[in-house]
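Undergrad: If you scroll down you'll find the structure; I have some questions about it.
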Amino acid sequence: MTISPEHFEHIAAAGNLLGHARYGDGPTPVLVMHDWLGDHTSFNATMSWLDGRTFTYVFVDLRGYGLSTDLTGDYTVDEIATDCLRLANHLGWSRFHVIGHSMTGMVTQRLAVDAPSRIASAIAVCPVSAAGNRLNPEALAFFSSTTNDDDALRRLFKFVSGGLSDVWVDRKVTQNRTTVSPACRARYLDMLVTTDFAAEVQGAEGVDTPFLVIVGDKDPGIDAAAMTQTFLAWHSNATLEVMPNCGHYPMQACPPYFATVIEAFLTHHSV
């Protein structure tokens with residue numbers, strides 16, 4: 001299945017507007033954010049299975065990534081949320097759904113706290129929560145090494161993927177090195193390990209936002225137990241989906257099923 005050209009376009013960053021890829025022309029808007037290690041193209045395998053007649057998907061590239069490679073900034077959760085709301089305003093979206101993967105899972109919570117009336121629902125995929133990802137010194141040193149050591153990055157992808165092939169791992173390394181600015185890699189890692197606004201989430205109006213939390217049953221770092229203690233504990237309207245035969249990248253490991261799961265949720269909570 002191929003993506004119809006009339007339903008797919010790339011828009012480079014301009015000024016403070018994030019670059020993004022747009023798919024579909026449906027009435028229901030969905031903003032999609034990528035992980036720490038790759039840009040919006042991490043969702044390419046899923047795009048072909050999405051319903052572009054019902055939904056309009058905008059896959060953003062954060063500052064330093066892909067279509068926003070030359071856009072610099074503070075590289076913080078607050079900045080990402082502000083950038084996403086600015087883009088939504090530019091697109092004329094008064095209310096929309098949001099999807100975040102891994103690093104940007106916490107951004108779905110930031111948006112739900114900052115703009116609860118605008119977020120129709122949120123999907124957090126293999127997410128790091130508002131409590132951040134605290135790493136011991138050895139783990140932090142390893143994660144830091146992946147910003148410039150290809151072999152270390154290869155080991156990380158192999159570990160979190162749930163057993164995907166070496167070909168997949170090599171392509172992910174190439175994706176990272178060609179679409180992620182070296183200047184932002186360590187800065188976003190610092191954001192991941194130091195951010196903590198969990199108390200704010202627990203006491204916020206956005207706690208009622210409908211949340212779907214997706215984890216892969218082969219993800220070694222982010223599992224159902226961790227989600228029970230964070231997203232499901234803090235959000236009164238949250239549900240958990242454990243996807244079989246998936247590691248940290250279910251949108252690549254099981255794209256048709258991933259598309260089916262997210263669109264069933266989005267349809268149920270459509271604006």
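The values are calculated or read from the model by the stated rules, or taken from the named source; none is laboratory data. These figures come from a predicted structure and were not determined experimentally. A quick note on method: Cβ atoms are made from the backbone with ideal geometry, for glycine too, and the neighbour counts reach across all protein chains shown. Surface accessibility is based on the protein's heavy atoms, side chains included, excluding ligands, DNA and RNA. Shrake-Rupley method; radii C 1.70, N 1.55, O 1.52, S 1.80 Å.
Undergrad: Report the accessible area of Glu138, computed with a 1.4 Å probe over the heavy atoms of all protein chains in place, in Å² rounded to the nearest 10.
TA: 150
Undergrad: Report relative contact order for the chain in percent, whole number only (criteria: Cα-Cα under 8 Å, sequence separation at least 6).
TA: With pairs under 8 Å counted, the relative contact order is 20 percent.
Undergrad: Using DSSP, restrict attention to beta bridges with both residues in the chain and report what percent are antiparallel, rounded to the nearest 5.
TA: 30
Undergrad: On to the next question. From the P(r) of the chain, could you give the percentage of C-alpha pairs in the tail past 29 Å?
TA: Counting pairs separated by more than 29 Å, the tail of P(r) holds 24 percent.
Undergrad: Right, here's the next one. Give me the extension gain from Ala199 to Ile11: residue separation times 0.36 nm, minus the current Cα-Cα distance, reported in nm with one decimal.
TA: 64.0 nm is the gain from fully extending Ala199 to Ile11.
Undergrad: Could you tell me what percent of the DSSP beta bridges with both partners in the stretch 20-103 are antiparallel, to the nearest 5?
TA: Percent antiparallel among DSSP bridges in the stretch 20-103 is about 30.
Undergrad: What is the set of long-range amide H partners of Leu62 at a cut-off below 5 Å, with H atoms built 1.01 Å from backbone N?
TA: When sequence neighbours closer than 5 places are left aside, the close amide H contacts are His34.
Undergrad: To the nearest 500 deg cm²/dmol, what mean residue ellipticity at 222 nm is calculated for the chain from DSSP H runs of n ≥ 4 alone, each contributing -39,500 (n - 2.57), summed and divided by the residues?
TA: It lands at -11500 deg cm²/dmol.
Undergrad: State to the nearest 20 debye the size of the charge dipole of the stretch 1-138 about its Cα centre, where the only charges are +1 on K and R beta carbons and -1 on D and E beta carbons.
TA: The dipole of the stretch 1-138 has a size of about 380 debye.
Undergrad: Could you tell me which of Met227, Tyr75, Asn148 has its Cα farthest along the dipole of the chain towards the positive end, charges placed at Cβ (Lys, Arg +1; Asp, Glu -1), taken about the Cα centre?
TA: Value computed over the given set: Asn148.
Undergrad: Starting with the highest mean, order 156-162, 50-56 by the number of other Cβ atoms within 10 Å, averaged over the residues of each peptide.
TA: With the highest mean Cβ count within 10 Å placed first, the list reads 156-162, 50-56.
Undergrad: How large a share of the accessible area of the stretch 9-269, in percent, is made up of carbon and sulfur atoms when the probe is 1.4 Å and the other protein chains stay in place?
TA: 51
Undergrad: May I ask for the Rg/Rh ratio of the stretch 211-271, computed from Cα atoms with Rh as the Kirkwood radius, given to two decimals?
TA: Checking Rg against Rh, the ratio lands at 0.98.
Undergrad: Sort the following peptides by mean Cβ neighbour count (other Cβ atoms within 10 Å, averaged over residues), highest first: 69-75, 25-31.
TA: Result, highest mean Cβ count within 10 Å first: 25-31, 69-75.
Undergrad: Work out the charge dipole of the chain with +1 on the Cβ of Lys and Arg and -1 on the Cβ of Asp and Glu about the Cα centre, then indicate which of Pro255, Leu37, Gly64 is farthest towards its positive end.
TA: Pro255
Undergrad: Counting only Cα atoms, I'd like the Rg/Rh figure for the stretch 151-271, Kirkwood definition for Rh.
TA: Over the Cα atoms of the stretch 151-271, Rg/Rh equals 1.00.
Undergrad: Now a separate question. Can you give me the Cα centroid spacing of the stretch 85-131 and the stretch 10-31 in angstrom?
TA: Each part's Cα centre sits 14 Å from the other's.
Undergrad: Over the Cα atoms of the stretch 75-219, what is the Rg over Rh ratio if Rh follows Kirkwood?
TA: In the stretch 75-219, Rg relative to Rh is 0.99.
Undergrad: Then there's this: How big is the stretch 165-227 along each principal axis, measuring the range of its Cα positions in Å and listing the largest first?
TA: 43, 31, 18
Undergrad: What's the magnitude of the charge dipole for the stretch 156-271 around its Cα centre, counting Lys and Arg as +1 and Asp and Glu as -1 at the beta-carbon? Answer in Debye, nearest 20.
TA: Roughly 580 debye, rounded to the nearest 20.
Undergrad: Report the FRET efficiency, 1/(1 + (r/R0)^6), for Ala141 and Asp217, where r is their Cβ-Cβ distance and R0 is 30 Å, rounded to 0.05.
TA: The formula returns an efficiency of 0.55 here.
Undergrad: Suppose every K and R has +1 on its Cβ and every D and E has -1 on its Cβ; what is the size of the dipole of the stretch 9-269 about the Cα centre, in Debye to the nearest 20?
TA: 260
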